[in-house]
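S.K.: The structure that follows is given in the form of structure tokens.
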Amino acid sequence: MQLPVRNLAGEEIGTVELDESVFAVPVRVDILHRVVRWQLAKRRRGTHKVKTRGEVSYSKRKLYRQKGTGRARHGSRGANIFVGGGRAFGPVPRDHAIDLPKKVRRLGLKCALSDKLREQKLHVLDGLELPEPRTRLLRERLEALGLANVLIVTGGEPERNFALASRNLPRVDLLPQLGANVYDILRHEHLVLTPDAVQLLQERLR
């Protein structure tokens, strides 16, 4: 399977061969869902914390005598039914990460790439370089290509002027090939790969 390679000016400068075992697998929504859940769970910090009944700064003495007042039977002022009291079963610091087999992660990335190709929203661009780090210049070139909402994946470190120009575009993200992931691919309308990124992804996912 071949896909045309264009430059930032929109000119076709060649073709690239796509491995069908990576870019043409059946798209499984259940696998995509599992991988996205795994990614989002891993990024949660899990630092939420509230004070329990044993941690609030109140005396443990009984508020008033048990009988004869006509009021409810209460013990410590730190009980959870009082304002400022300790919370029962509140959140504590923990790790939200879940386990996911490597085979499922690899299949999820293949499904995401295949989905973009199936929807004709996978593009291969070469020569991602700019003469100067101007955001306006990059925005105009991407809009001319119909790529306003796009994830750009490069083979290695992106060219400095291109990276600086892309930082101020809210719907444009730039990642090296090793950082390509299902969540970022799915949340952008278009996916752009460089020829180097195509080669490295195929070697990584075969």
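Here, each number is a calculation from the coordinates, and none is a lab measurement. Bear in mind that the values here come from a model prediction, so they are computed numbers and not experimental data. No Cβ is skipped: glycine too gets one built from the backbone with ideal geometry, and neighbour counts run over all protein chains shown.
S.K.: Amide H of H123 versus every other amide H placed in the peptide plane: which residues, excluding those fewer than 5 positions away on the same chain, fall under 5 Å?
M.R.: Counting only residues 5 or more places away or on other chains, the set is L191, V192, L193.
S.K.: Follow-up. Can you compute the modelled spin-label distance between E140 and A163, with each label point 7 Å from Cα toward Cβ, in nm?
M.R.: Output for this residue pair reads 2.5 nm.
S.K.: Could you check the simple spin-label distance between R204 and R73, using points 7 Å along Cα→Cβ, in nm with one decimal?
M.R.: Going from the R204 label point to the R73 one covers 6.4 nm.
S.K.: Once each part is reduced to its C-alpha centroid, what is the distance from segment 117-138 to segment 46-102 in angstrom?
M.R.: Centre-to-centre (Cα) distance: 55 Å.
S.K.: While we're on this one: Among [x] 45, 42, 32; [y] 53, 36, 29; [z] 92, 39, 25, which is the computed Cα extents along the principal axes in Å?
M.R.: [z]
S.K.: Compute the helix-to-body angle for 102-118: its Cα long axis versus the longest principal axis of the chain, expressed 0 to 90° and rounded to tens.
M.R.: Relative to the chain, helix 102-118 is tipped by roughly 50 degrees.
S.K.: A further question on this structure: List the residues, sorted by chain then number, that are 5 or more residues from V5 or on another chain and whose placed amide H is less than 5 Å from its amide H.
M.R.: Result for V5 returns I13, G14, T15, V16.
S.K.: Ranked highest first by average number of other Cβ atoms within 10 Å, how do 108-120, 16-28 line up? All intermediate terms of the calculation are to be shown ahead of the outcome.
M.R.: Numbers: 108-120: 20.0, 16-28: 15.7.
Peptide ranking by packing, descending: 108-120, 16-28.
S.K.: Quick check: pseudo-label points 7 Å beyond the Cα along Cα→Cβ at K103 and T15, how many nm apart are they?
M.R.: 3.5
S.K.: Additional query: Please give every one of the lysines within straight-line cross-link reach of K103, meaning a C-alpha to C-alpha distance under 16 Å, and leave out same-chain neighbours fewer than 8 residues apart.
M.R.: Filter leaves no residues.
S.K.: Work out from phi, with θ = phi - 60° and the Karplus expression 6.51 cos²θ - 1.76 cosθ + 1.60, the ³J(HN,Hα) of each residue of segment 145-152, listed in order in whole Hz, and give x for Gly and Pro.
M.R.: 8, x, 10, 6, 10, 8, 9, 10
S.K.: Can you tell me the 0 to 90 degree angle between the C-alpha axis of helix 195-205 and the longest principal axis of the chain, rounded to 10?
M.R.: Approximately 60 degrees, to the nearest ten.
S.K.: If you don't mind, another one. Taking amide hydrogens as modeled 1.01 Å from N in the peptide plane, which residues meet the under 5 Å criterion relative to T154, leaving out close sequence neighbours?
M.R.: Answer set, sorted by chain and number: L175, Q177.
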